[in-house]
Each structure stands twice: as structure tokens, then as C-alpha cells.
Amino acid sequence: MVTQITRDELRAKLDRGDDFAIVEALPPMYYEDAHLPRALNMPHDRVNELAPALLPDRSQEIIVYCANSPCRNSGIAARRLTELGYENVRDYDAGKQDWIEAGLPTESGVTVVEH
């Protein structure tokens with residue numbers, strides 16, 4: 001089951017440097033424009049293909065987000081991750097719009113993942 005996480009909870013985890021993965025479930029062009037700090041890009045329709053390399057530890061906490069609450073990508077990706085055996089998946093449903101409107105920092109560009 002996927003549980004929700006709030007902006008304040010996510011921000012606190014980032015500020016503390018907690019060990020978790022954060023995943024943006026939008027296409028690369030949106031990710032490259034702006035994404036949450038430390039976020040990996042895994043579009044919702046590429047979870048099966050990318051999850052094993054990007055998220056090798058199935059017990060690690062994973063927080064998935066997309067554009068905003070009406071956007072369904074994060075929910076789709078989060079459910080698929082749980083179906084693939086990931087044990088601790090959370091959805092930041094309010095997404096990138098909520099984060100940016102709160103004046104919180106974003107990063108831009110491409111994240112290179114070593115295989």
C-alpha cells in the first residue's frame with residue numbers, strides 16, 4: 001500500500017539528510033526544467049525498465065511525485081513500484097507545483113546514473 005507524505009515531512013527529511021530516494025514520475029523535459037533536490041527521473045511509463053537500476057534496494061524508502069494533485073503519474077508509478085516488490089513507497093501527491101509555490105528550492109538539468 002502506498003502512503004502519502006506532506007511537503008513539510010518531505011522537506012524535513014531532505015533537511016536532515018535522511019536516506020531515501022526521491023523520484024519524479026514526469027517525462028525528462030519536465031524533470032530537466034526543474035525537479036526537487038536529489039530527485040531521480042523515472043517517468044511513470046518506464047518504471048519496469050528503470051527501477052532495477054535506479055532503485056536497487058527494494059527496502060529503501062522511496063518518495064514519488066509528479067506535477068500536482070490532478071497529475072496521476074506519481075500514483076501510477078508508486079503503485080507499480082509496490083507491485084514490483086518495493087516495500088516502503090510514499091506519494092507526495094501535491095507534487096512539484098506545491099513545492100515551488102511554497103518557495104522551496106529546485107534543481108535543473110539531467111542526473112547521470114551510473115550502472
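The values are calculated or read from the model by the stated rules, or taken from the named source; none is laboratory data. Note that the structure is predicted; figures quoted are calculated from it, not measured. Because the Cβ atoms are built from the backbone with ideal geometry, glycine has one as well, and the counts that use them run over all protein chains shown. Please note that ligands, DNA and RNA were not included when accessible areas were found on the heavy atoms of the full protein model with its side chains. Shrake-Rupley method; radii C 1.70, N 1.55, O 1.52, S 1.80 Å.
Listed values, structure above:
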quantity: Å² per residue, accessible surface of the chain at 1.4 Å; calculated: 54
quantity: Given charges at beta-carbon only (K, R positive; D, E negative), |dipole| of the chain in Debye; calculated: 180
quantity: Descending Cα extents along the principal axes, the chain, whole Å; calculated: 34, 29, 26
quantity: Radius 11 Å from Cβ of Asp57, net charge of other residues (Lys, Arg +1; Asp, Glu -1); calculated: -2
quantity: Asn68 paired with Ala12, simple spin-label distance in nm, labels 7 Å along Cα-to-beta-carbon; calculated: 2.7
quantity: Fraction of antiparallel bridges per DSSP, the chain only, in percent to nearest 5; calculated: 10
quantity: Dipole of the chain [Lys/Arg +1, Asp/Glu -1 at C-beta], most positive-end residue of Ile76, His35, Ala53; calculated: Ile76
quantity: Other-chain or far-sequence residues with amide H under 5 Å of Ile22's (modelled H); calculated: Leu40, Ile63
quantity: Those residues of region 19-40 whose amide nitrogen sits under 20 Å from the label point placed on Leu50, 7 Å along Cα→Cβ; calculated: 20-40
